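Everything below concerns the one structure shown next.
The values are calculated or read from the model by the stated rules, or taken from the named source; none is laboratory data. In this text the structure is predicted, and so the values were computed from the model without any measurement. As a convention, Cβ positions derive from the backbone with ideal geometry for all residues, glycine included, and neighbour counts pool all protein chains shown. To get the accessible areas, we keep the full protein, side chains included, count just its heavy atoms, and leave off ligands, DNA and RNA. Shrake-Rupley method; radii C 1.70, N 1.55, O 1.52, S 1.80 Å.
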Amino acid sequence: MIEVKADGLPPWLQPLVEGLQNVEPSEFLLAGSSEYEGARQAAVLVLFGEGANGPDLLLLQRSAHLRNHAGQPAFPGGGVDPDDDGPVATALREAEEETGVDPAGVQVFATLPQLWIPRSGNVVTPVLAWWREPCEVSPVDPGEVASVARVPLADLADPANRVMVRHRLGFVSPAFRVADMLVWGFTAGVIDRLMKIAGWERDWDRGVIEALP
């Protein structure tokens, strides 16, 4: 069972809270995930907020000039520093450094199992949080982050925005067309699984498969 701290969360997050409490950690693992000792440790902040267009999720798009993951949409996050006190501290620090999120206004309510990503060689811990006191966000360093977006959950659930993508290595995985981005890979996998767990997913055609650009 995944431990969840539900006090103070808005009612619309309750389906996710209840869903997380009814799944075993092993059920959450993404396809291809496994334990891997010695890999680089990282964490991402899966930050749920409530904006002008209703409940939303904070995403960013990485700069096209980066050596790794250039131009790819992602959650705020990055590698664990020696001074970080665990994955929560890493996720909050990285979110502040990348988007300007004030950690004081963020309420962490769960951490998911570590997920092994063979392509990047990272073991990533997703940290789920409620944006209790939202603030203005934007790319702090344009050399690393091209844009920041608060993506409505309604857009993520809209079947018209769902598609499967075929990767260069041949495997197929879910993706989202939202906020002028194609969200795919690890980020899309986590969002897809959370949508299912919370019961927010709407029926969509998984037979629509596109080649990853």
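Annotations
- When R150, R132, R93, R202 are compared by accessible surface with a 1.4 Å probe, the order from highest to lowest is R202, R132, R150, R93.
- Whole-Hz Karplus values for the stretch 146-151 come out as 7, 7, 10, 9, 9, 9 Hz, taken residue by residue from phi with 6.51 cos²θ - 1.76 cosθ + 1.60 and θ = phi - 60°; glycine and proline positions read x.
- The residues of the chain have, on average, 49 Å² of accessible surface per residue, using a 1.4 Å probe with all protein chains present.
- Computed log10 I(q)/I(0) for the chain at 0.10, 0.11, 0.17, 0.18 Å⁻¹: -0.40, -0.49, -1.33, -1.54, from the Debye equation with unit scatterers placed on every C-alpha and solvent omitted.
- Here the stretch 198-213 is scanned for amide nitrogen atoms under 16 Å from the site 7 Å beyond the Cα of A154 along Cα-to-Cβ, giving 200-202.
- Computed from backbone phi, the HN-Hα couplings of the stretch 95-104 come to 4, 5, 5, 8, 10, x, 4, 8, x, 5 Hz, rounded to whole numbers (Karplus: 6.51 cos²θ - 1.76 cosθ + 1.60, θ = phi - 60°; Gly and Pro given as x).
- Modelled label positions at Q21 and A211, each set 7 Å beyond Cα in the direction of Cβ, lie 4.8 nm from each other.
- Peptides 5-13, 168-176, 74-82, ordered by how many other C-beta atoms sit within 10 Å of their residues on average, highest first, read 74-82, 168-176, 5-13.
- For V80, the residues whose modelled amide H falls within less than 5 Å of its own, excluding neighbours fewer than 5 places apart on the same chain, are Q41, A42, A43.
- For M1 and K196, a Förster radius of 22 Å and the Cβ-Cβ distance give a FRET efficiency of 0.80, rounded to the nearest 0.05.
- Exposed-loop-free span, longest in the chain, where GluC sites (Glu not before Pro) count as exposed if DSSP calls them loop and at most 11 other C-beta atoms lie within 10 Å: 38-135
- Within the accessible area of the stretch 59-213 (1.4 Å probe), percent carbon and sulfur: 49 percent
- Maximal additional length on extending the D180-H167 stretch stands at 2.7 nm, based on 0.36 nm per residue less the C-alpha distance.
- Positive minus negative residues near V178 (Lys, Arg vs Asp, Glu; Cβ under 13 Å): -2
- Proximity of backbone amide H atoms, modeled 1.01 Å from N, is registered between A146 and Q61, R62, S63 at under 5 Å, excluding neighbours fewer than 5 places apart on the same chain.
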